[in-house]
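Undergrad: Sharing a structure below in C-alpha cells format, with a few things to ask.
Here, each number is a calculation from the coordinates, and none is a lab measurement. Treat the numbers as computed from the prediction; the structure is a model and nothing was measured. Reconstructed Cβ throughout: ideal geometry from the backbone, glycine too, with neighbour counts over all protein chains shown.
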Amino acid sequence: LHPKYNASLIKYDIALLELATPLTYGDHVQPVCLPSSDDTETRYPNKLWATGWGSTEEDGMKSRKLRQADVPIVDVATCKKEYP
C-alpha cells in the first residue's frame, strides 16, 4: 500500500504485492508492462491504458468491475489548464 494512500480522496491508490508462490500465467493472469527506469522521455502525442475500480461518473459509486480506458498523455501545461 502506498504510504500516502488516502481512501476518501482516492489518491495514491496503488499497492505492490510480494507473493509466497509464483503465478501461472493464463487467460486471466498476465504481467503488467511498465517502462524501464531509464525510459524517461515522454513522447507526445501518445496514449496509455488506465485501469481501476474508480467511479465512472462525477460523485458516482466505485465500480465493482475492473474498468480500463485509453487516455492521452498530455504535457504539464495542458494538464494545469484542464485541472487548475
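Undergrad: Calculate the spin-label point distance for T56 paired with E82, positioning each point 7 Å from the Cα along the beta-carbon direction, and give it in nanometres.
TA: It works out to 2.0 nm between the two label points.
Undergrad: Another one. Below 8 Å, C-alpha to C-alpha, sequence gap of six or more: please give me the relative contact order for the chain in percent. Intermediate results must be reported in sequence, preceding the final value.
TA: Details: 64 pairs, mean separation 15.5, N = 84.
Dividing the mean separation by the residue count of the chain yields 18 percent.
Undergrad: Please state, rounded to one decimal and in Å, the Kirkwood hydrodynamic radius that the chain gives when every pair of distinct Cα atoms enters the mean of 1/r.
TA: On the way: mean 1/r = 0.0617 Å⁻¹.
Taking every pair of different Cα atoms in the chain, averaging 1/r and inverting gives 16.2 Å.
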